[in-house]
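Chemist: After the C-alpha cells below, expect a handful of questions from me.
The values are calculated or read from the model by the stated rules, or taken from the named source; none is laboratory data. Quantities reported herein were computed from a predicted structural model and do not represent experimental measurements. FYI the Cβ positions are ideal-geometry reconstructions off the backbone, even for glycines, and counts take in every protein chain you see. The area values use the complete protein model at the heavy-atom level, side chains included, leaving out ligands, DNA and RNA. Shrake-Rupley method; radii C 1.70, N 1.55, O 1.52, S 1.80 Å.
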Amino acid sequence: MEPKISQKAWDPGLEKEILDRWERDGLYQFELQENNYTIDTPPPYPSGRPWHIGAAAHYSQIDMIARTARMHGKNVYFPIGIDRNGLPVELYTEKKHGIRMRETDREEFLDLCRSSLDELESEMITIMKSLGISGDFENHYRTDSAEYRSLTQATFIDLWRKDMVYLANRPNNYDWVSGTTIADAEIAYEDLPARLVYMKFGLDGGDIVIASTRPELLCACRAIIVNPDDARYHNMEGKKVTVPITGTAVPIITHHSAKEEFGSGAVMVCSYGDQNDVALFRELELEEIVAINTDGKMTDAAGAYAGLRPKQARSAIIKDLESGGFVEKIQDITHRTPVSERSKNPIEIIPMEEYYVRQKGVIDHLRESCKKIAFYPAMHGQILHNWLDSVSIDWPVSRRRYYGTEIPVWYCTGCSEPYVPEPGRYYKPWCERCPAESCAKCGCSEFTGEERTFDTWMDSSISPLFISRYGRDEKFFAGTYPASIRPQAKDIVRTWLYYTMLRCDELTGVMPWSEAWIMGYGLDERGTKMSKSKGNAIDPLPVIGRLGADTFRFWSASEINHGYDFRCNEQKIEATRKFLSKLWNVSRFISGIPPAESEKLYSTDKWILGELDELVSECKKGYSEYNFFIPAIAIREFTWNVFAAHYIEMVKARASGEGFSSSMRDSARYTLHRVLSTILVLSAPIIPFITEYLWNTIYSDTSIHRQQMAEPKGVPKSALGSTIVQFNSSVWNEKKSRGLSLKDSIDMEIPTELKELREDLSAMHHLD
C-alpha cells in the first residue's frame, strides 16, 4: 500500500503555503452572528527590536485560545492591534536619530516617531503572521490612528461631563529624565546601593540622631516623627529640633509609621522623599517646600546646593555634614528605590498640576465586580485584589510628552475657563484653533490649547470599546461587547487590566469581559526576566524561520505550565521538533492504509479506543481551562508511548490483511484512522500547520480548523493497558538480551489476561 504522504519528513517551508491558502480562503474572517466570542487581544508595543521570544510564546498561546474556541463552535472575533503611543517610542526615536524631544520641533518629532513605528510594526506583523496567529490582520488597528485617538478623547469628554475628571495641583511621581508624570501603577522598585547617613539634629543643648538616605532634602524637612511605642523618645512630642546645615527648627511628632528598627527610629518628614512623606504632609497639614524642580535640579530652597542634581547635592551635603561634625556614622545599604517601569529612571515626587480621573470612590464597587471575572489561573486574580487594596489617590492621566493622544481642552486667555469640545473627531489643541468662537464665561475670543497628552493607559484601557465599535456601530457593539476574554501578561494586571475595568465600567456600567487569562514572564536561561532593555531577549524570527512555527508553538505549549514564569532555550525548542517527526511518521504510515468501517471491534482496538477517550477527556479539561500544557503533554505521551510504540506495532499485520479475516482487518483500519484523526483534531489549536497538511492529505479538503473539537465517546478504559505495555517491554528486553532483532521469532508465553489479544501479539513479536 502506497502512502498518500510522499515526503519522508515534515518540511516547515510548507507553512508559508498553508498561510497563503488560509488568507486566500478567508478562513478566519469574522462576520457578526449570535454566538460571538470576542478576544480583547493585547496590542503589542513596537518599541524596538527584537520582539522577544517570550512575547512570541505569549501570542502563540492567545492564538490557541482563538483556535480552541472556533473548534468548540464559537464565532471568534480575534482583532489585532498595535499599541503606538507613549514613552517607549519617544525614547527609541531619540536614540535612533540622536536627538532630544524637547529640542526638536514637535511636528517633526512626531513624524520621526511615526516613521520608526512603521518599520517596527511591519516586523512585528511579520512575526505574528509567521507564528500562524489567526487574527484579523487585514483590519488591524493602531492606537495612534485618528479614529482610535478620537475615541480616547470622546471617552474623556464623557467622563468630564459626568464630573469624573478634575484638574489639581498635587505631589506626583515624576521622571525628570523623560520629563513626565508617572502613575503609581507604572512604578517599579529596584534594590539599589545607597548610603544611610546618621545625622545629628540639635535638641535641648544636645542632639538626636536621625538616619536618612536623602540628606539632600534637609531643606524640605518640616517635622521629625517617632513611634509612640518607642521608649527612647518618651516625653519628646512637641519639642523642637534644629535641622543641621539649614538651622531650621522643626517639631517632634509621634506617629505609628515611624519604624523603631529602621536607623535610629526617628525619621525626618520632607516634601517629598517618598509616598509616606506625601501622606504625612497631608495628614499633619505641614507646609510644603519644593526642593526639586521638574528639570531634576535642586531649587533655590536648597540654598548653596541649588542647581545641582539630587545625587550631586547628596554627595556635597554629606561632605559638609561630616566637616561640620553632624555625622555619627554612614552605612552602605541596599535601598528599595522607586523607578519608572518603562524608562527605569529613579523618580522624584514633585507637586504638579495634572488632570485626574476619579477612582477612589469606585474601588469598593470594582472589588465586587471583579469577583464575576474568572481568572485563569485563579491565583493571578490576587494581583488585582492586592492592587485594589492599595489604591489611595485618583489617577493622574496627563503627561508632558509629545507622542500620545492630546487632551482635548482649550483655556480662555481672559479668565482661564476650560473649553471641552463636542466628541466626534480627533483634536490637537496645541496646534489647532479652538472650536468655540468665544468663552461662555467671559466672552473672550482668544484661547490657548492644552499641550499635554494622556497617559498611554487612557488609550489602551478602551481597547474592548474600540474593537466593538463603541459609539460607531450599535449593532456590532451589542454583538461583541462585553468581550469574552482578556488574555495578557501578569505584569500589567495593575495597569492595563485594572484601568480597562475602571474605564469601561465608568462608561458602560458593564465589566469589559467575563474571563481573564494571565501568562507568566519569559525568562532567559539563567532565570532572569527577558527584556529588550537588558539585552537578554532572543529574536523569535530566526528561530521560527529555521525550525518552523509549529515546533515553536509546541514548545510553548509543552514547556509552559500556564500562569508560571518559563525559561526560553533554543535547544529545548529544537528538541520539540522530534514530536512533530513522530506525528509525521505515524501519519505517513497510516496514510497508506485504506480507511474502513467496522461493525465489530477487536479487543486490541477496544483497548486503544478506551485510552483515546481518556486522552480526549484530559485534553478537554486542559482546553476548558485555557491551559495548553495539559493537552500538549497528554497528546505527546499518548501518541509517542502508547499509540505508536504499542498499538500500531500490534496491528500492523492485521491492518495489512495478511493472515486475518476481513472483519479483523477492517477493525484495525477503522481504529487506526479514528485514533489518528482524533489526534490531529486535538492537536490542531496547538500545531495548526502540520495538522492542516496531514488532515487535507489524508482526510478532507475542508480545513481541520473548521472541524468540531473531539468529545469523549464514553468508551470504557480497559484494565489491560499496563499489562500490554509490560508484556511488550518484556519481549523487547528479552530479544535484546539474546541478541535478537525485533523481527526474529521468540518463544514466550502470552499472559492469561492477554489471551484475547494473542493474534496481534503473536504477529507483532513473531512468537512461536
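Chemist: Report, ordered by the first and then the second residue, all pairs with beta carbons closer than 6 Å, sequence separation of six or more or different chains, a first member in the stretch 360-389 that is more than 15 Å from residue 490 (Cα to Cα), and a second member that is not in a helix (DSSP H, G or I) and not charged (D, E, K, R).
Modeler: Listed pairs, sorted by first residue: 363/391; 369/511; 373/516.
Chemist: Right, another one. Can you name the number of the only condition in (1) buried (at least 23 other Cβ atoms within 10 Å of the Cβ); (2) in contact with a Lys or Arg (Cβ under 9 Å, 6 or more places away or on another chain); (3) over 26 Å from residue 544 (Cβ atoms); (4) among the β-branched types (Val, Ile, Thr) that residue 686 fails?
Modeler: The number of the failed condition is (3).
Chemist: Right, next: Being over 19 Å from the mean Cα position of the chain (by Cα) and within 10 Å of residue 12 (Cβ to Cβ) is the filter here, so list the residues in the stretch 542-566 that pass it.
Modeler: Result: 544, 545, 546, 547, 548, 549, 550, 551.
Chemist: From the list 351, 408, 338, which one is surrounded by 14 or more Cβ atoms within 10 Å (Cβ to Cβ), part of a loop (DSSP other than H, G, I, E, B) and either within 27 Å of the chain's Cα centre (by Cα) or not basic (Lys, Arg) (or both)? Break it down into steps so the answer makes sense when it comes.
Modeler: Details: 351 fails: part of a loop (DSSP other than H, G, I, E, B); 338 fails: part of a loop (DSSP other than H, G, I, E, B).
One residue alone meets the criteria, 408.
Chemist: Inside the stretch 728-747, can you point out the residues that are in contact with a helix residue (DSSP H, G or I) (Cβ under 6 Å, 6 or more places away or on another chain) and either under 24 Å from residue 667 (Cα atoms) or in a loop (DSSP other than H, G, I, E, B) (or both)?
Modeler: If the condition is that a residue be in contact with a helix residue (DSSP H, G or I) (Cβ under 6 Å, 6 or more places away or on another chain) and either under 24 Å from residue 667 (Cα atoms) or in a loop (DSSP other than H, G, I, E, B) (or both), then 728 is the only one that fits.
Chemist: Could you list all residues from the stretch 262-300 that are within 28 Å of residue 236 (Cα to Cα) and either part of a helix (DSSP H, G or I) or free of Cβ contacts under 8 Å to residues at least 40 places away in the same chain (or both)?
Modeler: 265, 275, 276, 277, 278, 279, 280, 281, 282, 283, 284, 285
Chemist: Would you tally the residues in the stretch 111-135 being among the hydroxyl-bearing types (Ser, Thr, Tyr) and open to solvent by 40 Å² or more (accessible area, probe 1.4 Å)? First the steps, then the outcome.
Modeler: Start the filter on the stretch 111-135 by keeping residues that are among the hydroxyl-bearing types (Ser, Thr, Tyr), which leaves 115-116, 122, 126, 130, 134.
Within this subset, residues satisfying the condition of being open to solvent by 40 Å² or more (accessible area, probe 1.4 Å) are 115, 122, 126.
Adding up the residues that qualify gives 3.
Chemist: Surrounded by fewer than 14 Cβ atoms within 10 Å (Cβ to Cβ), within 18 Å of residue 317 (Cβ to Cβ) and out of contact with any helix residue (DSSP H, G or I) (no Cβ under 9 Å at 6 or more places or on another chain), is that true of residue 247? Steps first, answer last, please.
Modeler: Values: surrounded by fewer than 14 Cβ atoms within 10 Å (Cβ to Cβ): yes; within 18 Å of residue 317 (Cβ to Cβ): yes; out of contact with any helix residue (DSSP H, G or I) (no Cβ under 9 Å at 6 or more places or on another chain): yes.
Spelling it out, residue 247 is indeed surrounded by fewer than 14 Cβ atoms within 10 Å (Cβ to Cβ), within 18 Å of residue 317 (Cβ to Cβ) and out of contact with any helix residue (DSSP H, G or I) (no Cβ under 9 Å at 6 or more places or on another chain).
Chemist: Only one of 415, 439, 431 is over 30 Å from residue 624 (Cα atoms), surrounded by 15 or more Cβ atoms within 10 Å (Cβ to Cβ) and of a type outside the set (Ser, Thr, Tyr); which?
Modeler: Working: 415 fails: surrounded by 15 or more Cβ atoms within 10 Å (Cβ to Cβ); 431 fails: surrounded by 15 or more Cβ atoms within 10 Å (Cβ to Cβ).
Criteria check complete, one pass: 439.
Chemist: Scan 138, 108 and give me the residue that is open to solvent by 10 Å² or more (accessible area, probe 1.4 Å), modelled with pLDDT of 95 or more and either farther than 30 Å from residue 705 by Cβ or under 24 Å from the mean Cα position of the chain (by Cα) (or both).
Modeler: Numbers: 138 fails: modelled with pLDDT of 95 or more.
The match here is 108.
Chemist: Of all residues being farther than 9 Å from residue 718 by Cα and not charged (D, E, K, R) in the stretch 610-620, which is surrounded by the most Cβ atoms within 10 Å (Cβ to Cβ)? Just the residue, please. Give the derivation first.
Modeler: If we filter the stretch 610-620 for residues that are farther than 9 Å from residue 718 by Cα, which is where we start, we get 612-620.
Add one more test, that the residue is not charged (D, E, K, R), and what stays is 612, 615-617, 619.
Working: 612: 25, 615: 24, 616: 22, 617: 14, 619: 28.
Out of the qualifying residues, it is 619.
Chemist: Taking the stretch 1-22, which residues are surrounded by 15 or more Cβ atoms within 10 Å (Cβ to Cβ) and hydrophobic (A, V, I, L, M, F, W, C)? Can you show your working first?
Modeler: Residues of the stretch 1-22 surrounded by 15 or more Cβ atoms within 10 Å (Cβ to Cβ): 3-5, 10, 12, 14-15, 18-19, 22.
Within the stretch 1-22, 5, 10, 14, 18, 19, 22 qualify.
Chemist: Which residue pairs have Cβ atoms under 9 Å apart, sit 6 or more places apart or on different chains, and have a first residue in the stretch 200-228 that is without any contact (Cβ under 8 Å) to a residue 60 or more places away in the chain and closer than 15 Å to residue 286 by Cα and a second that is part of a helix (DSSP H, G or I) and open to solvent by 10 Å² or more (accessible area, probe 1.4 Å)?
Modeler: 225/284
Chemist: Shifting gears a bit: Taking the criterion of being assigned to a helix (DSSP H, G or I), over 36 Å from the mean Cα position of the chain (by Cα) and surrounded by 15 or more Cβ atoms within 10 Å (Cβ to Cβ), would at least one residue in the stretch 302-312 satisfy it? Steps first, answer last, please.
Modeler: Looking only at the stretch 302-312, we keep the residues that are assigned to a helix (DSSP H, G or I), and these are 302-305, 310-312.
Filter once more, so that each one left must be over 36 Å from the mean Cα position of the chain (by Cα): 302-305, 312.
Add one more test, that the residue is surrounded by 15 or more Cβ atoms within 10 Å (Cβ to Cβ), and what stays is 302, 305.
Yes; the residues of the stretch 302-312 include at least one that is assigned to a helix (DSSP H, G or I), over 36 Å from the mean Cα position of the chain (by Cα) and surrounded by 15 or more Cβ atoms within 10 Å (Cβ to Cβ).
Chemist: Now for a separate question. For the subset of the stretch 354-400 comprising residues that are touching a Gly at 6+ places or on another chain (Cβ under 8 Å) and not in a strand (DSSP E or B), which member is most open to solvent (accessible area, probe 1.4 Å)?
Modeler: Here the answer is 379.
Chemist: Can you confirm whether the stretch 708-717 contains a residue that is modelled with pLDDT of 95 or more, open to solvent by less than 30 Å² (accessible area, probe 1.4 Å), of a type outside the set (Phe, Trp, Tyr) and more than 22 Å from residue 628 (Cα to Cα)?
Modeler: No, that holds for no residue.
Chemist: Another question, if that's okay. For the stretch 1-105, list the helices (runs of 4 or more DSSP H) that sit wholly inside it and hold at least 2 residues that are of a type in the set (S, T, N, Q) and at pLDDT 95 or above; which are they? Spell out how you get there, then give the answer.
Modeler: Working: elements: 14-25, 53-71, 87-97.
By residue number, 53-71.
Chemist: Quick check on this structure: which one of 469, 526 is under 17 Å from residue 152 (Cα atoms), open to solvent by 50 Å² or more (accessible area, probe 1.4 Å) and over 17 Å from the mean Cα position of the chain (by Cα)? Show your work before the answer.
Modeler: Values: 526 fails: under 17 Å from residue 152 (Cα atoms).
The unique qualifying residue is 469.
Chemist: Moving on. Please determine, by comparing only the residues of the stretch 725-763 that are among the β-branched types (Val, Ile, Thr) and under 20 Å from residue 641 (Cα atoms), which one is surrounded by the most Cβ atoms within 10 Å (Cβ to Cβ). Step through it out loud before you land on a result.
Modeler: Step one: of the stretch 725-763, the residues among the β-branched types (Val, Ile, Thr) are 725, 731, 746, 750, 752.
Then keep just the ones that are under 20 Å from residue 641 (Cα atoms); that gives 725, 731.
On the way: 725: 14, 731: 19.
Only one residue tops the list, namely 731.
Chemist: Of everything in the stretch 446-459 that's in a loop (DSSP other than H, G, I, E, B) and open to solvent by 60 Å² or more (accessible area, probe 1.4 Å), which residue is farthest from residue 411 (Cα to Cα)? Full working, then the answer.
Modeler: First, pick out the residues of the stretch 446-459 that are in a loop (DSSP other than H, G, I, E, B): 446, 450-452, 455.
Right, trim to open to solvent by 60 Å² or more (accessible area, probe 1.4 Å) and you get 446, 451.
On the way: 446: 9, 451: 11 Å.
Step by step, filter the stretch 446-459, then rank; the result is 451.
Chemist: Within the stretch 228-249, how many residues turn out to be small (Gly, Ala, Ser) and closer than 12 Å to residue 202 by Cα? Outline the logic, then answer.
Modeler: First, the residues of the stretch 228-249 that are small (Gly, Ala, Ser): 231, 238, 247, 249.
Narrowing the set further to residues that are closer than 12 Å to residue 202 by Cα leaves 247, 249.
So the count comes out to 2.
Chemist: Among residues belonging to the stretch 176-221 that are of a type in the set (D, E, K, R), modelled with pLDDT under 95 and not in a loop (DSSP other than H, G, I, E, B), point out the one that is nearest to residue 101 (Cα to Cα).
Modeler: Filtering first and then ranking leaves 186.
Chemist: Considering (1) buried (at least 17 other Cβ atoms within 10 Å of the Cβ); (2) closer than 27 Å to residue 65 by Cα, say which one residue 667 fails and leave the rest.
Modeler: Exception for residue 667: condition (2).
Chemist: Where in the stretch 586-695 are there helices (runs of 4 or more DSSP H), lying wholly inside it, with at least 2 residues that are out of contact with any strand residue (DSSP E or B) (no Cβ under 8 Å at 6 or more places or on another chain) and without any contact (Cβ under 8 Å) to a residue 40 or more places away in the chain?
Modeler: In the stretch 586-695, the matching helices (runs of 4 or more DSSP H) lie at 603-624, 629-638, 662-683.
Chemist: Any residue that is under 27 Å from residue 492 (Cβ atoms), out of contact with any strand residue (DSSP E or B) (no Cβ under 8 Å at 6 or more places or on another chain) and open to solvent by less than 20 Å² (accessible area, probe 1.4 Å) - is there at least one of those in the stretch 159-181?
Modeler: Checked the stretch 159-181: at least one residue is under 27 Å from residue 492 (Cβ atoms), out of contact with any strand residue (DSSP E or B) (no Cβ under 8 Å at 6 or more places or on another chain) and open to solvent by less than 20 Å² (accessible area, probe 1.4 Å).
Chemist: Starting from residues that are in contact with a helix residue (DSSP H, G or I) (Cβ under 9 Å, 6 or more places away or on another chain) and closer than 23 Å to residue 187 by Cα, keep the ones in the stretch 259-276 and report whichever is surrounded by the fewest Cβ atoms within 10 Å (Cβ to Cβ). Before the answer, list the steps.
Modeler: Of the stretch 259-276, the ones in contact with a helix residue (DSSP H, G or I) (Cβ under 9 Å, 6 or more places away or on another chain) are 260, 264-273, 275.
With the extra rule that they be closer than 23 Å to residue 187 by Cα, the set shrinks to 269-273, 275.
Numbers: 269: 25, 270: 26, 271: 25, 272: 28, 273: 22, 275: 16.
So, considering only residues that are in contact with a helix residue (DSSP H, G or I) (Cβ under 9 Å, 6 or more places away or on another chain) and closer than 23 Å to residue 187 by Cα, the one surrounded by the fewest Cβ atoms within 10 Å (Cβ to Cβ) is 275.
Chemist: Let me ask another. Within the stretch 563-585, work out how many residues are touching a Gly at 6+ places or on another chain (Cβ under 8 Å), open to solvent by 10 Å² or more (accessible area, probe 1.4 Å) and not in a helix (DSSP H, G or I).
Modeler: 3
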